[in-house]
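Read-outs: derived from the displayed coordinates by stated rules, not from any lab. Note that the structure is a prediction, hence the values are computed from the model and not measured. Cβ placement follows ideal geometry from the backbone for every residue including glycine, while neighbour counts extend to all protein chains displayed.
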Amino acid sequence: MSEDIIKQGSVITENKDGVTTITFFHPAHNSLPGKLLAELAAAIDAAGKDAATKVVVLKSAGDRTFCAGASFDELISLEDFDTGKKFFLGFANVINALRKCPKFVIGRVQGKAVGGGVGVASAVDYCLATKYASVKLSELAVGIGPFVVGPAVERKIGTSAMSQLAINATEWQTADWAKNKGLYTDVFDSVEEMDAAIDALTTKLITSNPQAMQMLKGIFWKGCENWDALLDERAAMSGELVLSDFTKEAIGKFKGK
């Protein structure tokens, strides 16, 4: 891996036997700056349009962190509403790309998911994880709130469980908790067991009727057709809050830990 990729992160797409695997990476615990968010949304969109793709697997590189959410370095550098809203629209665009992708997207969560990472895990169609895949919605702890990812998380685990995560923003919930709430379909003791389950599932799906799977996906996401506008509104909320002195100070403290 080149030095530039290690510094800036990457989104890599591979297709093999009808399975398109999209892997994102960032050296800061797979956090997602705006550039990577745009690349990730574009990769998901491209996989959805690719005739050779029967099913998509979304994963991150590394061992124990699936995604640390928003890039704190980028958050603390935001200086006006337009750039703030644009940054949070990056997460909105990834969630909407997952929603609109006509192929099933299988999530592979090998480790901790924080903030936007929980949103991504919530927006895939079927999610498998390891026992290390604890979850936390940390946004309120840094002066914002899980506004953009909230609809995806609420759709997946319900208002009660989402509010528990959103309010108790510094507390980790275990992978088993996330499974019990419906975020994860299954939780495995090792990455090897999880990957074997993903391989078995994708092997079945690539022989399934593509039209039937697309129709099913439309049914699963029924009622979310307004999310382009909804997540735009939510991005504006976060874009406003991230400029406040309270939030900038909170993010600075968080970064210093």
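How many residues are surrounded by fewer than 19 Cβ atoms within 10 Å (Cβ to Cβ) and either of a type outside the set (A, V, I, L, M, F, W, C) or under 15 Å from the mean Cα position of the chain (by Cα) (or both) if we restrict to segment 156-167?
First, the residues of segment 156-167 that are surrounded by fewer than 19 Cβ atoms within 10 Å (Cβ to Cβ): 158-160, 163-164, 167.
Now drop any that are not either of a type outside the set (A, V, I, L, M, F, W, C) or under 15 Å from the mean Cα position of the chain (by Cα) (or both), which leaves 158-160, 163-164.
Here the count works out to 5.
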Of all residues in segment 6-53, count the ones that are assigned to a loop (DSSP other than H, G, I, E, B), under 27 Å from L205 (Cα atoms) and touching a strand residue (DSSP E or B) at 6+ places or on another chain (Cβ under 9 Å).
4
Given the residues K253, K204, K217, which is the only one that is without any contact (Cβ under 8 Å) to a residue 60 or more places away in the chain, among the basic types (K, R) and either in contact with a Ser or Thr (Cβ under 6 Å, 6 or more places away or on another chain) or closer than 25 Å to V109 by Cα (or both)?
K204
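In segment 125-155, how many are farther than 23 Å from F72 by Cβ and surrounded by fewer than 22 Cβ atoms within 10 Å (Cβ to Cβ)? Give the steps one after another, and end with the answer.
Narrowing segment 125-155 to residues farther than 23 Å from F72 by Cβ: 125-131, 151, 154-155.
Cutting the leftovers down to surrounded by fewer than 22 Cβ atoms within 10 Å (Cβ to Cβ) gives us 125-126, 131, 154-155.
Total meeting the criteria: 5.
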For segment 185-205, which residues satisfy the criterion of being more than 20 Å from the chain's Cα centre (by Cα) and either within 23 Å of T65 (Cβ to Cβ) or surrounded by fewer than 14 Cβ atoms within 10 Å (Cβ to Cβ) (or both)?
D189, S190, E192, E193, A196, A197, D199, A200, T203, K204
Just one of (1) in contact (Cβ under 8 Å) with a residue 40 or more places away in the chain; (2) surrounded by fewer than 20 Cβ atoms within 10 Å (Cβ to Cβ); (3) closer than 16 Å to S238 by Cα trips up G48, so point out which.
(3)
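Based on what the data block shows, is I219 farther than 21 Å from A70 by Cβ and surrounded by 13 or more Cβ atoms within 10 Å (Cβ to Cβ)? Walk me through it before giving the result.
Numbers: farther than 21 Å from A70 by Cβ: yes; surrounded by 13 or more Cβ atoms within 10 Å (Cβ to Cβ): no.
Criteria not met by I219.
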